[in-house]
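Working notes for the structure below.
The values are calculated or read from the model by the stated rules, or taken from the named source; none is laboratory data. It should be emphasised that the depicted structure is a prediction, and the values quoted were computed from it without experimental measurement. Note: ideal-geometry Cβ built from the backbone for every residue, glycine included; neighbour counts use all protein chains shown.
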Amino acid sequence: MDVLNPIQPECMDFKEIHDTYGDRISFHGTIGTQSVMPFGTPKDVRQKVFENLDIAGRDGGLYACPTHLLEPEVPVENVVAYIQACIDYQNK
């Protein structure tokens, strides 16, 4: 196994999983499609993206993205916030 997909924050602790397996595999997900994407604010989405990318650290190994398909109740503003957070993190 090369990538663990998905890392679903509603039932998995990304930091714990990364600390245990981060030197051996990569990860996909970490942005909750049952929590922060539909019910958080754009600020919450941005914070979660930055938090998870900080956990992965300089070595990377994380494709920080929504854990599953985005349902219709996800506000467009949160999708935009996710995209902008990824761009901003890369440029920080």
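Selection of region 47-59 for residues being of a type outside the set (S, T, N, Q) and closer than 19 Å to Met12 by Cβ yields Lys48, Val49, Phe50, Glu51, Leu53, Asp54, Ile55, Ala56, Gly57.
Determine if region 29-46 includes at least one residue that is within 22 Å of Cys11 (Cα to Cα), touching a residue at least 40 places away in the same chain (Cβ under 8 Å) and aromatic (Phe, Trp, Tyr). Within region 29-46, not a single residue is within 22 Å of Cys11 (Cα to Cα), touching a residue at least 40 places away in the same chain (Cβ under 8 Å) and aromatic (Phe, Trp, Tyr).
What pairs come out if I take residues in region 53-74 that are touching a residue at least 12 places away in the same chain (Cβ under 8 Å) and pair them with residues that are of a type in the set (D, E, K, R) whose C-beta lies under 6 Å away, six or more apart or interchain? Within 6 Å, the pairs are Ile55/Lys15.
Looking only at region 18-39, count how many residues are within 15 Å of Asp59 (Cβ to Cβ) and among the aliphatic types (A, V, I, L, M). Within region 18-39, residues that are within 15 Å of Asp59 (Cβ to Cβ) and among the aliphatic types (A, V, I, L, M) number 1.
Among the residues of region 76-89, is there at least one that is surrounded by fewer than 19 Cβ atoms within 10 Å (Cβ to Cβ), at pLDDT 95 or above and of a type in the set (Phe, Trp, Tyr)? For region 76-89, residues surrounded by fewer than 19 Cβ atoms within 10 Å (Cβ to Cβ), at pLDDT 95 or above and of a type in the set (Phe, Trp, Tyr): present. Give the residue that is farthest from Glu16 (Cα to Cα), with candidates limited to residues of region 73-89 that are part of a loop (DSSP other than H, G, I, E, B) and touching a helix residue (DSSP H, G or I) at 6+ places or on another chain (Cβ under 7 Å). So the residue we want is Glu73.
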